[in-house]
Amino acid sequence: MTGADILRAFKRDGRIVVVGASLAGLRAAEALRDEGFTGSLTMIGDELGEPYDRPPLSKQVLTGWVPADGTKLPRRRDIDAEWLLGVPASGLDLATDHVRLADGREVPFDRVLIATGVRARPWFVESEAALDGVFVVRTREHAEGLQRALAAGPSRVLVIGAGFTGSEIASICRERNIPVTVAELAPGPLVGALGAMIGEIAADMQRAHGVDLRCGVKVTRLEGDEQGRFRRAHFDDGTTIDADVAVVALGGIRNTEWLRDSGLAVGVWGIACDTGCRALDLNGLITDNIFVAGDVARCPNPIYEYRLISLEHWANAVEQAEVAAHNMVSGQADRWPHLSIPLFWSIQFGVNIKSVGVPTFADEVVVVQGSVTDRRFVAAYGYRGRVTAAVSFNNAKWLDHYRQLIETAAPFPPPCPTPDQPADMKPVPVDFPGPTLLAQGATVVVTGHDPSERRVTSVQRHR
Amino acid sequence: MATTKTPDTLLRILDYSTRADPYPLYAELRETPVALQGDGSYVISTYRELTDILHNPHLSSDVRNLSHPVEAFERSGTPAFINLDPPEHDRLRRMAMRHFGPPHTPGLVAGLEPDLTATVGSLIDDFVGKEQIDIVDDFAYPFPVTVICHLLGVPREDEPRFHLWVNAIIDSIDYNPKTDPKEKLTNGQQATTDLREFLGGLVEQRHGRPGDDLLSRLANDDGPDGRMTDDEIVATANLLLIAGHETTVNLIANGMLTLLRHPQVLRRLRDEPGLVVRLVEELLRYEPPVHIIPWRASYSDITVADTTIPKGSRIILMPASGSRDPNRFHDPDRFDPDRRDNQHLGFGSGIHLCFGGPLARRETQIALNELVRRLDRPRLVADPPPYRRSPVLRGPIHLHIEQGDG
């Protein structure tokens, strides 16, 4: 049989398993059918129920406008799949091409897509995390629980972490007229993602909306009462605050533990893959039947010096899933690279924040359009004289232009005037907190001397 | 790159004789995506280049940024937001949108649905006993006019007067000093003055009298941006009134014409009314009501498709051509109501995206559904039908049909 014959046979009656039944998994499955894959398709997911959309969970669901079970993802087509839901995958055996489930079942595949996503990082003390009134927000159940707690009219909500999720939740609290304290280790909200200048604007915005914002502080302890209800939080500066609800919004942990012994290049940052979404093994060699998409995929982006980047963005999950699906059923010559420019959005304090590119890949930032005081502007980010990202506050319709500037490595700061240009257009240092990930220690060691025996071995990866 | 092999393509498009089918000329135009014209203006006709420039902050909608102002553009009075750039554009559009759509006024269009259906129903009731129906005069014109008057709070009985004004204004939009009589321009300018005066009178009456119509709401607004001046309200109302008159009528008439040319789609729509949502999107791509955006200016040098358009140049955009670009749409000259990948330019793109788009969509959906449901074997009397003069807002001036055994 020729390669084309094998591919045709695979498309007709091959076996594809998708691990992860959320946005990336579902969109990949739909794309596989669109591509003409008629073989067997198995969807594995640890959550029960149909795939649902997560962005509304920290927004419309928390205001009570949309019920938590009202965010099911629209189905773009019938996917005719076997659904194995409610049981997580626990292992991947590349020698025999099986996915192992936590209940002991084994699911064979010819090709597999890994789209297991991210879970919320829990509070670091288990007994404190278990207190009544302490929440994380990642799943439908989480959002439903928090919505109920907010509806009960708490005296105060403490949000730990002022990233996007934390800031959105603080915004909802103010919208519901609930007193809220936000505790953030960095000098301002959103600083880790967007840098110090935007962080300052975000801080002003929070305070103008009545948020008790405390930056540069660490929450050290969550204290409960005798009934096990959260009552008080302690900060590292010795102060305390009384509240009935604490929302832990400290980012996510990529769901890769189940791949620990798989022999794939897995770490806290996700699973390394090529731009064709094929996973790399521990040695950095490309696999041919293991694909990755969504929040767990760590993919090189040529625009950003080929660095491996993993993104927890809705649009990235969709685009990567479609590329992965296409490549799963295509021959080498017809494969696509995933080369999209990252894009994400947030709504908080009445402002639509949208970003294109990778703002952390920058040394300077400048407001190029609009007015910061009006909360209506575009800021461009540059790295060594070229545009690498842009962020808009209530001005998203221009971002397509900045996407183009990024794609064409246009000069930074953008030289030509626009009608809506601020009087003082001076780039400032972007100022991100230090690269904490680099301090986490080696995850692998290299062994062997002869080129034929050189191998990578993992030492410790998950923390 | 910018020099075109066929320098007169745009002139032939503007010529009335090509009105019934400008699409082959658009194809000719697309061979040079950014085409420098004899008068120094640039025509952009391909999809990617159009979407690029519509999102380019160096593109200005304010004719004061042209280095050689064109006579027709010299308008009197406060400009409406369609002719302004940020931040003024954003402020005025935001203040108007507060009373028209989400987040502050969600459900306005949905709330109008019973009225829309009733208006459509009564217009179709009047078809009874007529041997010939003019879909334009008997239906596609009176329907959106009734709706926009109701929405703004303009008395219906004043309609014949401003009908004349609006026609004169539209007529002057594509005024060409070389070929057109001067009256075409002066009539348009006089009509603008008269219409504004008339609207100014209405605004004056609304002060201190809160009501549900848009004029009352604008005249009594206490939103975060404060209140528009009376001149700004008049400019806004003037814009919405003209747009409400002259665009949906074309979309509905073009829609009925397209359905009559595709009888199998018409039959399908009758059996499957839900199809209308996608069908109207395809119409906006295939036979849109607005074909040309004749006036934009480069605020600074703009590079599009390797062509640098110098600061101060006039830029003419051809969205109807972009929506037929084979590099973006598969089989673009086929009317395919099942088309899924359909990000057409029927409502434009970027910050000037059609303000009334959600209303126009719903109006057209209801109109076409009811027409195909209630007309009995409708047939075109003449194909092509006679067209309006304007190459910008393109559509039939009459669309005569017969139905039943007539």
Output the number of residues of the stretch B:321-374 satisfying the condition of being under 24 Å from B:Y26 (Cβ atoms), part of a helix (DSSP H, G or I) and not basic (K, R).
-> 7
Within the stretch A:351-365, considering residues that are surrounded by fewer than 21 Cβ atoms within 10 Å (Cβ to Cβ) and among the β-branched types (V, I, T), the one modelled with the lowest pLDDT = A:T360
Please state which of the following conditions A:N301 fails to meet, knowing it meets all the rest: (1) polar (S, T, N, Q); (2) over 25 Å from A:W398 (Cα atoms); (3) touching a Lys or Arg at 6+ places or on another chain (Cβ under 9 Å).
-> (2)
Quick one: is B:G346 away from chain A (no Cβ under 14 Å) and modelled with pLDDT of 95 or more?
-> yes
Give me the pairs, please: first residue somewhere in the stretch A:122-151 and β-branched (V, I, T), second residue anywhere and part of a strand (DSSP E or B), beta-carbon distance under 6 Å, and either six or more positions apart or on two chains.
-> A:V134/A:F230; A:V134/A:A246; A:V136/A:A120; A:V136/A:V248
Could you look through the stretch B:273-303, keep only residues that are surrounded by 21 or more Cβ atoms within 10 Å (Cβ to Cβ) and part of a loop (DSSP other than H, G, I, E, B), and pick out the one that is nearest to the other protein chains (Cβ to nearest Cβ)?
-> B:Y299
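Is it the case that some residue within the stretch B:16-34 is of a type in the set (A, V, I, L, M, F, W, C) and modelled with pLDDT under 95? Talk me through it step by step, then tell me what you get.
Step one: filter the stretch B:16-34 for residues of a type in the set (A, V, I, L, M, F, W, C), giving B:20, B:25, B:27, B:29, B:34.
The next check asks that each one be modelled with pLDDT under 95; those that pass are none.
No, the stretch B:16-34 has no match at all.
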Which of the residues belonging to the stretch B:62-86 are at pLDDT below 95 and facing chain A (nearest Cβ under 9 Å)?
-> B:D62, B:N65
Any chance the stretch A:206-223 includes a residue that's in contact (Cβ under 8 Å) with a residue 40 or more places away in the chain, under 20 Å from A:P122 (Cβ atoms) and not charged (D, E, K, R)?
-> yes
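Checking the structure you have, find out if any residue of the stretch A:238-246 is among the small types (G, A, S) and surrounded by 20 or more Cβ atoms within 10 Å (Cβ to Cβ). Let's see the steps before the verdict.
Taking the stretch A:238-246 and keeping what is among the small types (G, A, S), we get A:238, A:243, A:246.
Keeping just the survivors that are surrounded by 20 or more Cβ atoms within 10 Å (Cβ to Cβ) gives A:243, A:246.
Yes; the residues of the stretch A:238-246 include at least one that is among the small types (G, A, S) and surrounded by 20 or more Cβ atoms within 10 Å (Cβ to Cβ).
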Looking at the stretch B:118-129, is at least one residue out of contact with any helix residue (DSSP H, G or I) (no Cβ under 9 Å at 6 or more places or on another chain) and aliphatic (A, V, I, L, M)?
-> yes
Determine whether the stretch B:372-386 contains at least one residue that is in contact with a helix residue (DSSP H, G or I) (Cβ under 6 Å, 6 or more places away or on another chain) and either without any contact (Cβ under 8 Å) to a residue 12 or more places away in the chain or under 30 Å from B:H99 (Cα atoms) (or both).
-> no
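Working only within the stretch B:201-225, note down all residues that are surrounded by fewer than 17 Cβ atoms within 10 Å (Cβ to Cβ) and without any contact (Cβ under 8 Å) to a residue 60 or more places away in the chain.
Here is the first cut: in the stretch B:201-225, the ones surrounded by fewer than 17 Cβ atoms within 10 Å (Cβ to Cβ) are B:201, B:204-205, B:207-212, B:220, B:222-225.
Of everything in the stretch B:201-225, those that are surrounded by fewer than 17 Cβ atoms within 10 Å (Cβ to Cβ) and without any contact (Cβ under 8 Å) to a residue 60 or more places away in the chain turn out to be B:G201, B:E204, B:Q205, B:H207, B:G208, B:R209, B:P210, B:G211, B:D212, B:N220, B:D222, B:P224.
Can you pull out every residue in the stretch A:28-56 that is in a strand (DSSP E or B) and in contact with a Phe, Trp or Tyr (Cβ under 8 Å, 6 or more places away or on another chain)?
Within the stretch A:28-56, the subset in a strand (DSSP E or B) is A:40-45, A:52.
Selection gives A:T42, A:M43, A:G45.
One line per residue, one yes/no per condition, for (1) surrounded by 19 or more Cβ atoms within 10 Å (Cβ to Cβ); (2) away from chain A (no Cβ under 14 Å); (3) under 26 Å from B:T9 (Cα atoms):
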position	(1), (2), (3)
B:P24	no, yes, yes
B:T32	yes, yes, yes
B:G40	no, yes, yes
B:F100	yes, yes, no
Which is surrounded by 11 or more Cβ atoms within 10 Å (Cβ to Cβ) and modelled with pLDDT under 75, of A:S452, A:S458?
-> A:S458
Of the conditions (1) within 14 Å of chain A (Cβ to nearest Cβ); (2) in a strand (DSSP E or B); (3) hydrophobic (A, V, I, L, M, F, W, C), B:I401 fails just one. Which one is it?
-> (1)
Return the pairs, sorted by first residue and then second, in which the second residue is at pLDDT 95 or above and surrounded by fewer than 14 Cβ atoms within 10 Å (Cβ to Cβ), the first residue lies in the stretch A:77-103 and is under 13 Å from A:V17 (Cα atoms) and among the basic types (K, R), the beta carbons are less than 7 Å apart, and the residues are 6+ apart or on different chains.
-> A:R100/A:E106
Taking A:Q404 as meeting all but one of (1) at pLDDT below 95; (2) facing chain B (nearest Cβ under 10 Å); (3) touching an Asp or Glu at 6+ places or on another chain (Cβ under 9 Å); (4) not in a helix (DSSP H, G or I), write down the number of the exception.
-> (4)
Odd one out for A:E257, checked against (1) surrounded by fewer than 16 Cβ atoms within 10 Å (Cβ to Cβ); (2) under 30 Å from A:R111 (Cβ atoms); (3) in contact with a strand residue (DSSP E or B) (Cβ under 8 Å, 6 or more places away or on another chain) = (3)
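Table: residues versus (1) surrounded by fewer than 24 Cβ atoms within 10 Å (Cβ to Cβ); (2) away from every other protein chain (no Cβ under 14 Å).
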site: B:A305; (1), (2): yes, no
site: B:A320; (1), (2): no, yes
site: B:D325; (1), (2): yes, yes
site: B:I351; (1), (2): yes, no
Got a sec? Which of B:I44, B:I53 is in contact with a Leu (Cβ under 7 Å, 6 or more places away or on another chain), away from chain A (no Cβ under 14 Å), surrounded by 17 or more Cβ atoms within 10 Å (Cβ to Cβ) and closer than 11 Å to B:V304 by Cβ?
-> B:I44
Select from the stretch A:415-432 the residues that are at the interface with another protein chain (Cβ under 9 Å from one of its Cβ atoms) and touching a residue at least 12 places away in the same chain (Cβ under 8 Å) and write down the one among them that is surrounded by the fewest Cβ atoms within 10 Å (Cβ to Cβ).
-> A:Q421
Answer with yes or no whether A:P55 is without any contact (Cβ under 8 Å) to a residue 40 or more places away in the chain, within 21 Å of the chain's Cα centre (by Cα) and either surrounded by fewer than 14 Cβ atoms within 10 Å (Cβ to Cβ) or under 25 Å from A:A151 (Cα atoms) (or both).
-> no
Of these, A:A183, A:A162, which one is touching a residue at least 12 places away in the same chain (Cβ under 8 Å), under 30 Å from A:G382 (Cβ atoms) and buried (at least 18 other Cβ atoms within 10 Å of the Cβ)?
-> A:A162
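Do you know which of the residues in the stretch A:344-397 that are assigned to a strand (DSSP E or B) and among the charged types (D, E, K, R) is farthest from the other protein chains (Cβ to nearest Cβ)? Can you show your working first?
To start, the set of residues in the stretch A:344-397 that are assigned to a strand (DSSP E or B) comprises A:344-348, A:351-357, A:364-371, A:376-383, A:386-393.
Going one step further and asking which of them are among the charged types (D, E, K, R), we end up with A:354, A:364, A:376, A:386.
Details: A:K354: 13, A:E364: 19, A:R376: 7, A:R386: 16 Å.
Going through the qualifying residues, I end up with A:E364.
The values are calculated or read from the model by the stated rules, or taken from the named source; none is laboratory data. Treat the numbers as computed from the prediction; the structure is a model and nothing was measured. Neighbour counts are summed over all protein chains in view; Cβ atoms, including those assigned to glycine, are modelled from backbone coordinates with ideal geometry.
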